[in-house]
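Here the structure comes first, spelled out in structure tokens, and everything after it is commentary.
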Amino acid sequence: MLWVNGFELVDLALLERRDILRQLVPEEGVLKMSENFDASGTEFFEVAQKMGLEGIIAKKSDSAYTPDTRTKLWLKIKTEQRHEAVIAGYTRNEDSSKKFSALILGIHEDGELKFIGQAGTGFTDSMQTEILKRLKPLETEDCPFPTVPVINKSSRFRPNPPKAKITWVKPQVVCEVRYQEITPDGLMRHAAFQGIREDKKAVEVVKEEAVAVSDLSKEHQLLADQKVIVPLPGKQRKTFLNPKDETQTRAINGHDLTFTNLSKIYWPKEKISKRDMLNYYYQVVPYMLPYMKDRPQSLNRHPNGITGESFYQKNVAGKVEPWITTHAYENTTHEGNKTFLVCTDEASLLYIAKLGCIEMNPWHSRISSPDFPDWCVIDLDPDTNSFEQVIEAANVVRKILDAIDVPSYPKTSGSTGIHIYIPLGAKYSYEQSKQLAEIIVTLAHHELGGFTSLERSPAKRKGKIYLDYLQNRAIQTIAAPYSLRPKPGATASAPLHWEEVKKGLSIQDFTIFNMVSRVKKEGDLFKGVLGKGISMEKVLEKISTVFG
């Protein structure tokens, strides 16, 4: 708020200018007044991290407005390492089906454009289309850097990079990227595209120096007493459970759900509470529900968090609310008959979570067709193997499935392995699904052999990845897409692009802190799993033709 009715306001304190602005912004309409919180900056920063927000803005409450000057009285504190960058070109790898493979990025330093690396992930198809619309008119034969940088160079992380065609563009478009770290030669490692910056001019993009939050508190006192804190925008649903009350009741799908002991710590090292877990599931429900809906559940309950006693509960007869749907399963084994809880809607999914179920374990089939699974799953379960070996095994399975024209959808298990789903469309029995998986993993094992095993017994397969096809049996369950896992770091089972299944991928890349923002950006990568499904007859014929 710089001027009003001909009067200059730049010398007024920030809170005074905000008060004037608040009087002028209508309560309804497209213009919104950003909320500010007179709170402890460090505590608020932790909340922003848990909610998956980009970060917070800290401003000194009595500061004046200083035009055209960077000041430490107004600070953006990001929850992860991010950087603004100028797009200087793009690459397209040989044999790639994508519109482009990576964006070439730079920043301004000493009057020149400096190469800082590439961003090869974070795009959807529609995003790539929009980006190319912006870049096509800017294409040029001239490299915008003083010297042509080495693109796709080899390193211990990328020993055999693909050949790539480079297209240079005039450095006019600015984007935001996140990255893991800056290498000694000034390049961003594992950079991922976050979005185009409409508010920045390319000439303004320079090197950003990160400052520790603890240092900000000490040096500037912006995270102590005198401050105004504003959350940076995020794409999440409205707040579900507030951060104060230990017991809260919410009306969901016509049912009153009471949530208790909300400050109980479920992940001690990360200080993640039951409240945080419930808020996560509320955020991710729209994406997760299709893989939970109308499916009986094996409840894996952790009432005291990941370090406390846990137990499985399959039989819920007489132990759940009357409005919960159940499914009676007639078991001929020694376990006897069971009554399973069935997830039917958002209310029942959150009901499962409030029981202390950190992870969600649905059947592969729905109660409308309990003997006919919607998908076949191949579970790559390592022993002492490196995750790079799991990635190698996954890509061999993919190669086999591609050769027989079978669509497949990978996801991290959230624990140590990778799950690969094949859509069946509830057209085949569990036995047929199991036999298909057995054929595929047998072919993969013959190719991999050295570090994989088909032995179910851990003692017999010590030190090898178990290519598990026996998951495809009635009442067997596996962690649902987007499910959290009771593991250090609060990891989540994350659907992946196949292009992401490569060296550098880590289970720890996907957690309670970033899974919601990822699915908002990427969309539901698993939706094809619920498609019409394969033709088993055609697939078996193709296997016979290709593999003999």
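Table for the structure above
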quantity	calculated
Two-site label geometry, Lys319 and Thr247: point separation in nm, points 7 Å out along Cα→Cβ	2.3 nm
Mean projected area (nm²) of the alpha-carbon convex hull when segment 1-103 is viewed from all directions	11.1 nm²
Set of aspartates and glutamates with alpha-carbon distance to Lys163 below 18 Å, sequence-local pairs under 8 removed	Glu94, Asp95, Glu499, Glu500
Cut-off 18 Å (backbone N to label point 7 Å along Cα→Cβ of Lys503), residues of segment 183-198	183-184, 188-191
Calculated FRET efficiency for the pair Arg134/Asn5, C-beta based, R₀ 25 Å, to 0.05	0.05
Reachable aspartates and glutamates from Lys542, criterion Cα separation under 14 angstrom, eight or more residues apart if same chain	Asp402, Asp405
Two-decimal Rg to Rh for the chain - Kirkwood Rh, Cα set	1.00
Cross-link reach list, lysines versus Lys165, counting only Cα pairs under 22 Å and skipping chain neighbours closer than eight places	Lys98, Lys99, Lys114, Lys133, Lys136, Lys153, Lys502, Lys503
Extension reserve of the Lys264-Glu447 stretch, reckoned as 0.36 nm per residue once the Cα distance is removed	61.1 nm
Crossing angle, helix 125-135 versus the chain [Cα axis fit, 0-90 degrees, rounded to tens]	30 degrees
Label-to-label distance, nm, for residues given as Glu198 and Lys462 (7 Å Cα→Cβ offset)	6.2 nm
For segment 24-180, size of Cβ-based charge dipole, Lys and Arg +1, Asp and Glu -1, in debye	680 debye
Charged-residue dipole, Cβ positions (Lys, Arg, Asp, Glu), the chain about Cα centre, Debye nearest 20	760 debye
DSSP-loop GluC sites (Glu not before Pro) across segment 278-350, with at most 13 other Cβ within 10 angstrom	Glu309, Glu330, Glu335
Gly55 long-range amide H proximity, modeled H, under 5 Å	Thr79, Leu232
Anisotropy class of segment 62-126 from Cα gyration tensor, a/c 1.5 cut	prolate
Gyration tensor verdict on segment 248-359 (Cα atoms; rounded if a/c is under 1.5, prolate if a/b is larger than b/c, oblate otherwise)	oblate
FRET efficiency for Thr147 and Thr71, using Cβ-Cβ distance with R0 set to 51 Å, rounded to 0.05	0.90
C-alpha center-to-center spacing [segment 236-312, segment 82-117] in angstrom	40 Å
Most to least packed among 253-264, 424-435 [average Cβ atoms within 10 Å]	424-435, 253-264
Net length gained if the chain between Glu94 and Ser369 were fully extended (0.36 nm per residue, minus Cα distance)	94.6 nm
Sequence ranges 281-290, 193-202, ranked by mean other-Cβ count within 10 angstrom, highest first	281-290, 193-202
Highest to lowest packing among 477-489, 499-511, scored as the average C-beta count within 10 Å	477-489, 499-511
Segment 281-287 - phi-based ³J(HN,Hα) in whole Hz, Karplus 6.51/-1.76/1.60, Gly and Pro as x	5, 4, 5, 9, 3, x, 8
Above-threshold pairs, the threshold being 29 Å between Cα atoms, out of Lys319/Lys460; Lys293/Lys319; Lys32/Lys520; Lys293/Lys520; Lys78/Lys271	Lys319/Lys460
Over segment 394-441, equivalent-ellipsoid semi-axes from the Cα gyration tensor in Å	18, 14, 10
For the chain, with +1 on Lys and Arg beta carbons and -1 on Asp and Glu, the positive-most of Ser61, Thr249, Leu454 along the dipole	Leu454
Top positive-direction residue, dipole computed over segment 82-204 with Cβ charges, set Phe145, Leu132, Ser97	Ser97
Prolate/oblate/rounded call for segment 310-442, Cα gyration tensor, a/c under 1.5 rounded	prolate
Tyr266 long-range amide H proximity, modeled H, under 5 Å	Ile272, Ser273, Lys274
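None of the figures in this text is laboratory data; all of them are computed from the coordinates on show. Note that the structure is a prediction, hence the values are computed from the model and not measured. Reconstructed Cβ throughout: ideal geometry from the backbone, glycine too, with neighbour counts over all protein chains shown.
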